[in-house]
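Asker: Sharing a structure here in structure tokens format.
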Amino acid sequence: TIQSNAFYSCGGLAELTFKGTPTTIDTTAFGACLNLKKINVPWASGAVAGAPWGATNATITYNYTE
């Protein structure tokens with residue numbers, strides 16, 4: 001679980017790659033992370049609700065494979 005505001009306003013965060021699938025990510029976990037442009041995830045679109053979790057400038061790449 002990634003809680004609300006866990007990375008709030010983290011200006012140094014530009015890209016994020018998940019290796020696993022968290023149970024939940026709060027909808028504000030990456031709020032005001034204006035430099036966060038890329039989020040890479042190993043799950044299907046919609047698998048974790050609330051994307052992009054407050055990262056309004058980010059593009060998510062879903063890399064789900066069975």
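Asker: So how exposed is SER45, as accessible area in Å² (1.4 Å probe, rounded to 10)?
Answerer: Estimated to the nearest 10 Å², SER45 gives 90 Å².
Asker: Next up: So how many Å³ per residue does the convex hull of the Cα atoms of the chain work out to? All intermediate terms of the calculation are to be shown ahead of the outcome.
Answerer: Details: hull volume 4.6 nm³, N = 66.
Taking the convex hull of the Cα positions in the chain, it is 69 Å³ per residue.
Asker: May I ask you to derive the FRET efficiency for LYS37 and GLN3 from their Cβ-Cβ distance with R0 = 22 Å, giving the value to the nearest 0.05?
Answerer: Working from the Cβ atoms, E equals 0.45.
Asker: Heavy atoms of the protein only, probe of 1.4 Å, neighbouring chains included. What is the accessible area of PHE18 in Å², nearest 10?
Answerer: Roughly 30 Å² of PHE18 is accessible to a 1.4 Å probe.
Asker: Ordered by residue, what ³J(HN,Hα) values in Hz, to whole numbers, does the range 17-34 give under the Karplus form 6.51 cos²θ - 1.76 cosθ + 1.60, where θ = phi - 60° and Gly and Pro are x?
Answerer: 10, 7, 9, x, 10, x, 5, 9, 10, 5, 5, 10, 4, 10, x, 6, 8, 5
The values are calculated or read from the model by the stated rules, or taken from the named source; none is laboratory data. This structure is a prediction, so every number in the text was calculated from the model and none was measured. We place every Cβ from the backbone using ideal geometry, glycine too, and count neighbours over all the protein chains shown. Ligands, DNA and RNA are excluded from the accessible area calculation, which covers all protein heavy atoms including side chains. Shrake-Rupley method; radii C 1.70, N 1.55, O 1.52, S 1.80 Å.
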